[in-house]
1. Enumerate the pairs (first residue in segment 25-44 and within 22 Å of Leu94 (Cα to Cα); second residue anywhere and basic (Lys, Arg) and in a loop (DSSP other than H, G, I, E, B)) with beta-carbon separation below 9 Å, excluding pairs fewer than 6 apart on the same chain, so at least 6 apart or on different chains.
2. Would segment 77-86 turn up any residue that is closer than 19 Å to Leu17 by Cβ, touching a Cys at 6+ places or on another chain (Cβ under 7 Å) and not basic (Lys, Arg)?
3. Out of curiosity, is Gly69 of a type in the set (Gly, Ala, Ser), surrounded by fewer than 18 Cβ atoms within 10 Å (Cβ to Cβ) and touching a helix residue (DSSP H, G or I) at 6+ places or on another chain (Cβ under 9 Å)?
4. How many residues does segment 22-45 contain that are among the small types (Gly, Ala, Ser), surrounded by 15 or more Cβ atoms within 10 Å (Cβ to Cβ) and over 16 Å from Thr113 (Cα atoms)?
5. Select from segment 142-163 the residues that are touching a residue at least 24 places away in the same chain (Cβ under 8 Å) and not aliphatic (A, V, I, L, M) and list them in ascending order.
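The numbers here are math on the coordinates, done by the rules we state, and not lab data. All figures in this text were calculated on a predicted structure; none of them were measured in a lab. Virtual Cβ from ideal backbone geometry, glycine too; neighbours counted across all protein chains shown.
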Amino acid sequence: MTILAHGAAIGCGLIFLVAGAEKLRHRRLLPGVIANYRIVPAALAAPLAALLGPLEIVLALALLASGLGWNAPLADFAAAALLLVFAAAMATNLVRGRREITCGCGRLDLRQTLRWSFVARNLLLAALLGAAGANALLAPSATLDALALTSAIFAGLAGWIAYHLFQTLGELDAAAATLGRRH
């Protein structure tokens, strides 16, 4: 379990790092994306947008440190909680029938509409981080030898690559839909 927990923290850390960087890169678009969810008052969309990218980057760095051996269950649980908030916001809008809003996942300049698969993805990632946090609490002194740490790093990289493979497929679908609307 320890190798998988560390791998989950590394993989999710990389996911959060890229997501935070994308939110900073597209900081002008993000307030509109947050406002479109209609979860928080419109006046809070811009302040939340200003905080979200840096928060994701801080969580990413803490998750990467956790995955590399620093015992940080709080980082695992905080990142899991943020993923649950994202999943709840998406699910709320899907139940409302608001599928055509941009999810805010990945590249914000491509319009990826809400899907139940995004909710499931966030729930799965939150569960992995919850398990990683529980592992850190239950085995706080567990250290990884060089082989186990290498295995955890490769597991994290494999998870990150798989995530981005599916993310890219979603972005290609979004780009194709955008091109289809222009003709």
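1. Going by the 9 Å Cβ cut-off, the qualifying pairs are Asn36/Arg98; Tyr37/Arg98; Arg38/Arg96; Arg38/Arg98.
2. Yes, that holds for at least one residue.
3. Against the criterion (of a type in the set (Gly, Ala, Ser), surrounded by fewer than 18 Cβ atoms within 10 Å (Cβ to Cβ) and touching a helix residue (DSSP H, G or I) at 6+ places or on another chain (Cβ under 9 Å)), Gly69 qualifies.
4. The number of residues fulfilling the criteria is 1.
5. Matches in segment 142-163: Thr143, Ser151, Phe154, Gly156, Gly159, Trp160, Tyr163.
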